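S.K.: Take this structure first; my questions come after.
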Amino acid sequence: MKYIHSLELALARVGLAAIVVIILIGGLGRALGHPVIWSLEIAIVIFAWISMFAIDYAFQTRNHIGIDAITRLLPQRVQHLLVWISELIILAFLLCGVWYGYNFTWTTHHQTLPVTEISLAWLNSAVPTGCLLMTFTSLSFLLNGCRKQQSLQEMEEPCS
């Protein structure tokens, strides 16, 4: 599982660098009078995928936003129960995202992007795939008793 988490983070980083290069090439091409018309479509597809990888990474490390001003006032046992309840709600939402995202991707897979004529499935499949990855993350969190995983905390690198 740690290998998958590292792979997601590496793909997100490579994808971000690719977007920067692709947009730079597109901008320079326009400035020089030779626009690279496919650059925006490819950047959008990559952005959808790296967004899902980054969201799952934040979910793995529990760095997503949370408002706990009221729950902190409650007893520790109630707080833990609320964490379980919220995680089960998140899991249900993610499973819906997988189901409906897959159905939407399948419904639109024969359509293509206008310039590159790449199947729209490459863009749309990022959502069900990301939700599936987050489903595994959520299940892992539940199976660990809703406690942060130390190995994921060690995996974090400070920005430099």
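The values are calculated or read from the model by the stated rules, or taken from the named source; none is laboratory data. The model shown is predicted, which means the values in this text are computed figures rather than measured ones. As a convention, Cβ positions derive from the backbone with ideal geometry for all residues, glycine included, and neighbour counts pool all protein chains shown. Accessible surface is based on the protein model in full, side chains and every heavy atom, while ligands, DNA and RNA are left aside. Shrake-Rupley method; radii C 1.70, N 1.55, O 1.52, S 1.80 Å.
S.K.: Could you say which residue among A69, A43 is surrounded by 12 or more Cβ atoms within 10 Å (Cβ to Cβ) and small (G, A, S)?
M.R.: A43
S.K.: Out of all the residues in the stretch 104-113, is one or more polar (S, T, N, Q), in contact with a Phe, Trp or Tyr (Cβ under 7 Å, 6 or more places away or on another chain) and farther than 17 Å from C146 by Cβ?
M.R.: Checked against the condition, which is being polar (S, T, N, Q), in contact with a Phe, Trp or Tyr (Cβ under 7 Å, 6 or more places away or on another chain) and farther than 17 Å from C146 by Cβ, the stretch 104-113 yields no hits at all.
S.K.: Being assigned to a helix (DSSP H, G or I), touching a helix residue (DSSP H, G or I) at 6+ places or on another chain (Cβ under 8 Å), closer than 27 Å to I37 by Cα and not acidic (D, E), is that true of even one residue in the stretch 107-120?
M.R.: Yes, the stretch 107-120 contains a residue that is assigned to a helix (DSSP H, G or I), touching a helix residue (DSSP H, G or I) at 6+ places or on another chain (Cβ under 8 Å), closer than 27 Å to I37 by Cα and not acidic (D, E).
S.K.: Here are some conditions: (1) surrounded by 15 or more Cβ atoms within 10 Å (Cβ to Cβ); (2) at pLDDT 90 or above; (3) among the aromatic types (F, W, Y). F59 meets all but one. Which one does it not meet?
M.R.: It fails just one condition, (2).
S.K.: List the pairs whose first member sits in the stretch 120-145 and is within 24 Å of A48 (Cβ to Cβ), whose second member is not in a helix (DSSP H, G or I), and whose Cβ atoms are under 6 Å apart, counting only residues at least 6 apart or on separate chains?
M.R.: L120/Q111; A121/H109
S.K.: Please enumerate the residues belonging to the stretch 6-40 that are assigned to a helix (DSSP H, G or I), touching a residue at least 24 places away in the same chain (Cβ under 8 Å), surrounded by 13 or more Cβ atoms within 10 Å (Cβ to Cβ) and not aliphatic (A, V, I, L, M).
M.R.: Those that are assigned to a helix (DSSP H, G or I), touching a residue at least 24 places away in the same chain (Cβ under 8 Å), surrounded by 13 or more Cβ atoms within 10 Å (Cβ to Cβ) and not aliphatic (A, V, I, L, M): E8, G15.
S.K.: Restricting attention to the stretch 143-155, which residues are closer than 16 Å to T61 by Cβ and either open to solvent by less than 20 Å² (accessible area, probe 1.4 Å) or modelled with pLDDT of 95 or more (or both)?
M.R.: Selection gives C146, L152.
S.K.: Tell me which residues, restricted to the stretch 49-76, are over 8 Å from the mean Cα position of the chain (by Cα) and aliphatic (A, V, I, L, M).
M.R.: Matches in the stretch 49-76: A58, I65, I67, A69, I70, L73, L74.
S.K.: Tally time: how many residues in the stretch 79-114 are open to solvent by less than 70 Å² (accessible area, probe 1.4 Å), within 29 Å of G26 (Cα to Cα) and touching a residue at least 40 places away in the same chain (Cβ under 8 Å)?
M.R.: 1
S.K.: For the stretch 122-136, how many residues meet the condition of being aliphatic (A, V, I, L, M) and open to solvent by less than 10 Å² (accessible area, probe 1.4 Å)?
M.R.: 1
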